[in-house]
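The structure appears right after this line, and notes come after that.
The values are calculated or read from the model by the stated rules, or taken from the named source; none is laboratory data. Since the structure is predicted, the reported quantities are computational estimates derived from the model, not experimental observations. Note: ideal-geometry Cβ built from the backbone for every residue, glycine included; neighbour counts use all protein chains shown. Side chains are part of the model used for accessible areas, which takes the heavy atoms of the whole protein and leaves out ligands, DNA and RNA. Shrake-Rupley method; radii C 1.70, N 1.55, O 1.52, S 1.80 Å.
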Amino acid sequence: MNLIQELHDALAELETQGVYKHIRVIESAQGAYLTIGGKSYLNLSSNNYLGLASDTRIKKAAQDAIEKFGVGTTSVRALLGTHSLHVELEKKLAKFKKAEDALVVTGGYLANMAAIQTILGADDVVVSDELNHASIIDAVKLSGVKNKFIYKHTDMVDLEMQLKLAVEVRQASEEGKTRIMIITDGVFSMDGDIAPLPEIVALAEKYDTLVMVDDAHGEGVLGDHGRGIVDHFGLHGHVDIEVGTLSKAFGVMGGFITGKAELIQWYRQKARQFLFTNALSIPDTAALIAAVDMLEESDKAVGILWENTHWLKNELQKAGFDTGKTETPIIPVMLGDEVLAKNVAIKLFEQGIIVSAITFPMVSKGKARLRLQPSSLHTQEDLQKGLDAIIQCAK
Ligand SMILES: *Cc1c(COP(=O)(O)O)cnc(C)c1O
């Protein structure tokens with residue numbers, strides 16, 4: 001076997017193509033500023049939307065829980081790994097999302113796996129937005145679903161066309177037991193646009209299908225107190241499966257599924273991502289309970305996040321930049337050219353500002369961009385500094 005030689009060559013090829021990922025190492029806490037290589041950088045590309053990752057109260061909750069209960073749970077949930085903290089977190093998340101029940105796993109990626117694989121099999125049908133997250137695509141593969149219909153990004157005319165094809169498959173199947181599930185991201189992470197969930201739900205009702213939304217970038221961001229996309233549109237009870245992450249705005253790690261009681265009960269019985277892998281550790285779980293409590297108690301941080309978002313977006317537009325179709329704190333600055341986007345990000349970094357360049361294959365060729373994500377931690381001064389530097393480097 002010359003696997004290692006082959007990988008050696010393939011790695012060199014990645015470097016030649018300029019797509020080798022040089023991973024940055026953070027030496028500070030997560031915040032509006034990050035230390036990298038001993039130097040402080042303004043962080044304008046973080047999912048720590050509400051600053052919870054290093055919040056004092058959340059750190060304290062994790063510390064207290066470690067004192068009392070230690071660190072690990074050393075067993076899967078269905079054996080001896082369910083701690084009362086897990087149950088408390090699930091209850092609080094269900095209440096926060098205004099859902100009947102919630103199931104927590106160790107990541108949004110795993111939550112998508114569980115949500116889809118447990119419910120769908122080879123003979124079921126998926127109807128999926130073309131820009132859905134990689135974890136949804138992987139989960140659909142894992143489910144073994146043969147019939148997948150991909151609709152053009154947020155295009156409701158195309159969604160209806162694909163639904164008609166899906167219904168044909170169901171009609172051709174025995175007893176009509178085939179499940180059809182429409183799956184969409186809530187907030188799309190490259191453009192910052194929001195799925196047209198009311199229209200999707202209306203089509204699902206018309207064609208009698210299930211709806212699942214992955215609200216990773218909407219949790220803690222959209223809706224009242226950051227309850228997410230379903231709350232944003234007032235669609236409680238109309239979306240069958242809601243998947244969320246605890247690794248972004250919630251500031252810790254983990255993923256969860258919310259929905260009707262029987263659905264979540266079924267996941268507790270059958271989801272392989274729940275049955276065959278350990279749950280969140282004690283400090284993670286305690287930290288998340290504090291995070292949910294904080295969001296329930298106050299919408300102040302969510303308010304500041306949105307003020308910062310509107311200010312930055314308006315100023316970028318005033319300066320003549322195209323911010324695409326964003327409706328959220330994910331703000332693209334469309335530059336088009338791949339090399340230009342990369343060079344601007346490098347220049348900004350040299351000036352002490354972290355902004356990601358998003359290029360092919362993450363977005364289609366010629367659609368290269370910077371991607372900014374303000375948070376509630378940024379002061380007016382921080383944002384002004386970032387804005388000035390972007391204007392100077394990109395113009
Ligand atoms: C980040 C993200 C995930 C993965 O969440 P993790 O908790 O990091 O595993 C899943 N779906 C979407 C849409 C995401 O943006």
Original post:
Hey, does region 32-41 have a residue that's under 11 Å from LEU377 (Cα atoms), hydroxyl-bearing (Ser, Thr, Tyr) and either open to solvent by less than 90 Å² (accessible area, probe 1.4 Å) or in contact with a helix residue (DSSP H, G or I) (Cβ under 8 Å, 6 or more places away or on another chain) (or both)?
Top reply: yes
**OP:** Identify the residue in region 121-136 that is within 16 Å of the ligand (Cβ to nearest atom) and not in a loop (DSSP other than H, G, I, E, B) and, among all such residues, is surrounded by the fewest Cβ atoms within 10 Å (Cβ to Cβ).
**Re:** ALA134
Subject >> Residue pairs meeting the criteria (Cβ under 8 Å; at least 6 apart or on separate chains; first touching a residue at least 12 places away in the same chain (Cβ under 8 Å), in region 66-95; second surrounded by fewer than 16 Cβ atoms within 10 Å (Cβ to Cβ) and in a strand (DSSP E or B)) >> reply: GLY72/ASN278; THR73/ASN278; THR74/ASN278; SER75/ASN278; VAL76/ASN278; ARG77/ASN278; GLY81/ASN278
Original post:
Among ASN132, ASN147, which is polar (S, T, N, Q) and within 27 Å of GLY192 (Cβ to Cβ)?
Top reply: ASN132
Original post:
Given the structure, is VAL213 within 16 Å of the ligand (Cβ to nearest atom) and without any contact (Cβ under 8 Å) to a residue 60 or more places away in the chain?
Top reply: yes
Original post:
Are any of the residues in region 319-340 part of a helix (DSSP H, G or I), open to solvent by 20 Å² or more (accessible area, probe 1.4 Å), modelled with pLDDT of 95 or more and not aromatic (Phe, Trp, Tyr)?
Top reply: no
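A quick yes/no check of all residues on (1) within 15 Å of the ligand (Cβ to nearest atom); (2) among the hydrophobic types (A, V, I, L, M, F, W, C); (3) at positive phi:
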| site | (1), (2), (3) |
| --- | --- |
| LYS92 | no, no, no |
| LYS95 | no, no, no |
| LEU110 | yes, yes, no |
| ILE119 | no, yes, no |
| ASP138 | yes, no, no |
| GLY144 | no, no, yes |
Subject >> Unique match (being closer than 16 Å to ALA195 by Cα, away from the ligand (no atom under 16 Å from the Cβ) and of a type in the set (Gly, Ala, Ser)) among GLY228, GLY234 >> reply: GLY234
Subject >> Within region 253-271, tally of residues that are surrounded by fewer than 24 Cβ atoms within 10 Å (Cβ to Cβ) and near the ligand (Cβ under 10 Å from one of its atoms) >> reply: 1
Original post:
Which residue out of LEU316, LEU372, LEU383 is touching a Ser or Thr at 6+ places or on another chain (Cβ under 6 Å) and of a type in the set (A, V, I, L, M)?
Top reply: LEU316
Original post:
Does region 157-166 contain at least one residue that is assigned to a helix (DSSP H, G or I), in contact with a strand residue (DSSP E or B) (Cβ under 9 Å, 6 or more places away or on another chain) and of a type in the set (D, E, K, R)?
Top reply: yes
Original post:
Looking at GLY223, is it away from the ligand (no atom under 16 Å from the Cβ), within 30 Å of TYR49 (Cα to Cα) and open to solvent by 20 Å² or more (accessible area, probe 1.4 Å)?
Top reply: yes
Original post:
For region 223-233, does any single residue satisfy the condition of being in contact with a His (Cβ under 9 Å, 6 or more places away or on another chain) and on the phi > 0 side of the Ramachandran plot?
Top reply: yes
